[in-house]
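Visitor: Sharing a structure with you now.
Please treat every number below as a calculation from the coordinates, not as lab data. A quick note: this is a predicted structure, and the numbers were derived from the prediction, not measured. Ideal geometry is used to build each Cβ from the backbone, glycine not excepted, and the neighbour counts take in all protein chains shown.
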């Protein structure tokens, strides 16, 4: 069941891939322009609203509640289903390693609580909602995520720079796959519960496993090197994002994976991209961006991306 989809944040990481996936599947696409569009008018006639808005960490406390309220109001007015790319912040450092639909949202840190409260607001409002929950993003181009901004630029020297325990399992999502899954779930929206939390398993890899996959994909040896967090600690007085990166640092050493059971049940024919192919594409994009930035003023390249967890 296709129709019209309104995409909020269509120029962002998940939003642009969602627009492509929905377009390829035959949906009518509306891309919301915050500089000129009114959300109530833009959502009129839309069966699905993809809420891919993701403001900078430092703005979450100030903007997430109001953005959530606006989307809820628009969806209530039209009966649209809201689709949200969820993350793994909600669970907290003490959660069990397997994150599933029933895992308690027990995070106590500020960013985790804000995400949990955002999702709870949708549930309480009675708006039909699909949360497609994933780990860190892998993108087809350098977009400022952890992989392309921190981990992969050193791959040209055969080094994967890793922010945490190289033996701790970590969840990753190849964005084209996640967007395809989102579109397929949107088609099934009338057969889903009013609020459904669907973990997207993606790839679960330790740093050493990722290095092995990249070695095969890039046809060169790749070794793991631990990232130095000291510069981020020192940057806190002048870079507000640093405090939030440190707040979420635990995810790089806490083993975790997303339970595939519900997605397999809902989309039994869904086939993920081979990790060698996905990681190879993401690595080549990151190394290409690093070469383009070489020799340019740091502020020029830094302005292109906002480093944050997905």
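Visitor: So how do 227, 1 line up by other beta-carbon neighbours within 10 Å, fewest first?
Guide: Listed from fewest to most nearby Cβ atoms, that is 1, 227.
Visitor: Starting from the Cα-Cα distance between residue 94 and residue 33, subtract it from 0.36 nm times their residue separation and give me the gain in nm to one decimal. Present the calculation step by step, with values, prior to reporting the outcome.
Guide: Details: separation 61, 0.36 × 61 = 21.96 nm, distance 3.92 nm.
Computed gain between residue 94 and residue 33 is 18.0 nm.
Visitor: Another question, then. With the crude spin-label approximation of a point 7 Å out along Cα→Cβ, what separation in nm comes out for residue 192 versus residue 239?
Guide: In this crude spin-label approximation the distance works out to 3.6 nm.
Visitor: Also: Once the piece of chain linking residue 276 and residue 167 is laid out straight, how much longer is it, given 0.36 nm per residue of separation minus the C-alpha distance between them?
Guide: Working it through step by step, the gained length comes to 37.3 nm.
Visitor: What is the spin-label model distance, in nm, from residue 108 to residue 247 if the labels are put 7 Å beyond Cα along the C-beta direction?
Guide: Result for the modelled spin labels: 1.5 nm.
Visitor: Sticking with this structure for a sec: Sort the following peptides by mean Cβ neighbour count (other Cβ atoms within 10 Å, averaged over residues), highest first: 257-263, 146-152, 118-124.
Guide: So the order, starting with the most tightly packed, is 146-152, 257-263, 118-124.
Visitor: More than 19 Å apart: what percent of Cα pairs in the stretch 63-211 qualify? Working shown, then result.
Guide: Working: 6544 of 11026 pairs.
For the stretch 63-211, the share of Cα pairs beyond 19 Å comes to 59 percent.
Visitor: Now a separate question. Per 20 Å bin, what percent of the C-alpha pairs of the chain does each bin hold, from zero upward?
Guide: 33, 60, 7
Visitor: Suppose a student asked you for the relative contact order of the chain, using Cα pairs under 8 Å spaced at least 6 residues apart; what percent would you report?
Guide: 21 percent
Visitor: Taking 0.36 nm per residue of separation and subtracting the Cα-Cα distance, what length does fully extending residue 230 through residue 24 add?
Guide: 69.7 nm
Visitor: So, one more: Take the Cα radius of gyration of the stretch 75-129 and divide it by 2.2 N^0.38 Å, with N its residue count; two decimals is plenty.
Guide: 1.24
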